[in-house]
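Beneath this line is the structure, given in structure tokens, with notes to follow.
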Amino acid sequence: GAVVSQHPSWVICKSGTSVKIECRSLDFQATTMFWYRQFPKQSLMLMATSNEGSKATYEQGVEKDKFLINHASLTLSTLTVTSAHPEDSSFYICSARGGLAGAGSGTDTQYFGPGTRLTVL
Amino acid sequence: GENVEQHPSTLSVQEGDSAVIKCTYSDSASNYFPWYKQELGKGPQLIIDIRSNVGEKKDQRIAVTLNKTAKHFSLHITETQPEDSAVYFCAPRMDSSYKLIFGSGTRLLVRP
């Protein structure tokens, strides 16, 4: 099946610093990648959608200058949390769409990464 | 926008029993209906999905049924096992946007 990786799996940083999270599709080319945020015991909330080579589309209420997304290739997207603060501490998960048909019904299936736990002190 | 409701929020069953989780959505344009399983500290894993031109789909112990008229779809797990314990999310989607709108989740506990 399709595999999506994230790096790092966890990160702790000081308030005011920036953190970059990578999302890679390992065995397929991702037409679109998505970034989600999940707080403890809550559901996943979509932050933004990115297509290779174009600017990301952010959901309402998500600050694009704070959460910088770059989708430089069909297998890599990065999320940079700039000037992180304790309230940004969360579980960040990416997903990728496109490529081979795995457990889903076709190439439109979204496959999720393992997530990155960010803790801002 | 799409409004998604998922019930129940928690479900406890005895090993071997069946579990059913229901998801109700509001947007009649939705035409793709996946179910994801999330274990603690991990990303969601697709376990089964269905498209709007199909009423039911089964994969071993897992099945999904869809009622487009009533705008709801359900996850059925038979012969539950302790390893089925996790949080399950429905996430209906419109093809035009490819965005998944996640339900609030159901915490399933299978008691040995």
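General remarks:
- Per-bin percent of Cα-Cα distances, segment B:7-50 [5 Å]: 5, 14, 19, 27, 22, 8, 4, 1
- Projected-area mean, chain A, by convex hull of Cα positions, square nanometres: 7.0 nm²
- The alpha-carbon of A:Lys14 sits under 23 angstrom from the alpha-carbons of these lysines, leaving out residues fewer than 8 places away in its chain: A:Lys64, A:Lys66.
- Taken over chain B, lysine pairs spaced eight or more positions apart, or on distinct chains, with alpha carbons under 23 Å apart number 20.
- Nearest-0.05 FRET efficiency for B:Ser18 and A:Ser18, computed from C-beta distance (R0 35 Å): 0.15
- In the frame of its principal axes, segment A:1-66 has Cα extents of 35, 26, 26 Å, reported largest first.
- Dimensions of the protein assembly as shown based on its C-alpha atoms, expressed as ranges along the principal axes with the largest first, amount to 49, 37, 33 Å.
- Shielding by partners - mean other protein chain Cβ count within 10 Å, residues of B:105-112: 1
- Counting only residues at least eight positions apart within a chain, or on another chain, the aspartates and glutamates with an alpha carbon under 19 Å from that of A:Lys20 are A:Glu52, A:Glu63, A:Asp65, A:Glu87, A:Asp88.
- The radius of gyration of the Cα set in segment B:10-94, together with its Dmax, comes out at 12.8, 37 angstrom.
- For segment A:32-37, 3J(HN,Hα) computed residue by residue from phi via the Karplus equation (6.51, -1.76, 1.60; θ = phi - 60°) reads 9, 10, 10, 10, 10, 10 Hz, glycine and proline entered as x.
No lab work stands behind these numbers, since they all come straight from the coordinates. Note that this is a predicted model, so its numbers are computed, not measured. Ideal geometry is used to build each Cβ from the backbone, glycine not excepted, and the neighbour counts take in all protein chains shown.
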